[in-house]
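One structure is given below, encoded as C-alpha cells.
Nothing in this text is a laboratory measurement; each read-out follows from the coordinates by a stated rule. Keep in mind it's a predicted model, so treat the numbers as computed, not measured. Quick reminder, even Gly has a Cβ in these numbers, built from the backbone with ideal geometry, and neighbours come from all protein chains shown.
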Amino acid sequence: MTLIKILLKEMEDEAIVTRKMLTRVPEDKYDWKPHPKSMSVKALATHLAELPSWVTLAITTDGLDFAAEPYKPYPINNTAELLAYFEKNYEEGRTQLLKAKDEDLLPSWIMRNGEQILMTFTKGETVRHAFSQTIHHRAQLGVFLRLLDIPIPGTYGPSADEAPLF
C-alpha cells in the first residue's frame, strides 16, 4: 500500500467522525466560549471545517506566510454553511491526494510569519499534521458540546451518549 493510499484512508475515516461532530454544532451557541481565552464554538467549528484545506495547501504550495496572507476565517452563518464548507475543503483535499504520488510528499513545506519560521515539515508531514489538528480540535469541540449538554457522537467507538459505560 502506498503512503498516498494510507493518507486517503485516514482522511476518509476522520471525515466521517468530523462530519458527525459538526452536525451537532448548535447555531444558538455560536458565540459561546468555555473560557475567555478559548475560541468561540463558531470559530472552533469553522477551523475544524477548514482543516481539510491544509491537505490542498500542503500538496500545491511550498508553504504559508501569514505576513503575506493574514488569516481570515471563512464566514459561517449557520450549521448548513459549516457542513458545506467542510465538504468543499474535504473534497478538494481528497482530490489533491488522489492526484499526488508518494514522492510529491517529500519536499519541504514551511509555515512562517514573515521571517519567523513557525514550522518546517515535509509536505507529507504537513498532511499528517492537518489530520492531527483535526483530531485535536474535534476533541476540543466535543468538550465544548459536552459543557453545553449537547450529546456527543462517538468517534472511535460509541460515546457515553450512545451506549452504556462499561
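General observations
- Picking from residues in the stretch 93-103 that are in contact (Cβ under 8 Å) with a residue 60 or more places away in the chain, in a helix (DSSP H, G or I) and surrounded by 13 or more Cβ atoms within 10 Å (Cβ to Cβ), the one that is farthest from the chain's Cα centre (by Cα) is D102.
- Hey, V25 within 30 Å of P107 (Cα to Cα) and crowded, with 17+ Cβ neighbours inside 10 Å or not: no
- Of all residues in the stretch 15-30, exactly one satisfies the criterion of being closer than 13 Å to F86 by Cα and without any contact (Cβ under 8 Å) to a residue 24 or more places away in the chain, namely I16.
- Taken over the stretch 117-166, the residue count meeting the criterion of being assigned to a helix (DSSP H, G or I), closer than 27 Å to P107 by Cα and touching a residue at least 12 places away in the same chain (Cβ under 8 Å) is 13.
- Among all positions in the stretch 29-40, there is no residue which is part of a helix (DSSP H, G or I) and either touching a Ser or Thr at 6+ places or on another chain (Cβ under 7 Å) or β-branched (V, I, T) (or both).
- Contact map, the stretch 31-48: residues that are acidic (D, E) paired with residues that are surrounded by 14 or more Cβ atoms within 10 Å (Cβ to Cβ) and in a loop (DSSP other than H, G, I, E, B), Cβ distance under 8 Å, separation 6+ or inter-chain. Pairs shown: D31/S40.
- Filtered by the rule that a residue be among the hydroxyl-bearing types (S, T, Y) and in a helix (DSSP H, G or I), the stretch 1-28 gives T18, T23.
- Filter result for I59 (surrounded by fewer than 16 Cβ atoms within 10 Å (Cβ to Cβ), assigned to a helix (DSSP H, G or I) and not charged (D, E, K, R)): no
- L48 in contact with a helix residue (DSSP H, G or I) (Cβ under 9 Å, 6 or more places away or on another chain) and either part of a helix (DSSP H, G or I) or farther than 23 Å from D104 by Cα (or both): yes
- Near pairs, Cβ below 6 angstrom, 6+ apart or cross-chain, from the stretch 64-92 (surrounded by 15 or more Cβ atoms within 10 Å (Cβ to Cβ)) to any residue that is assigned to a strand (DSSP E or B): L64/M111; D65/R112
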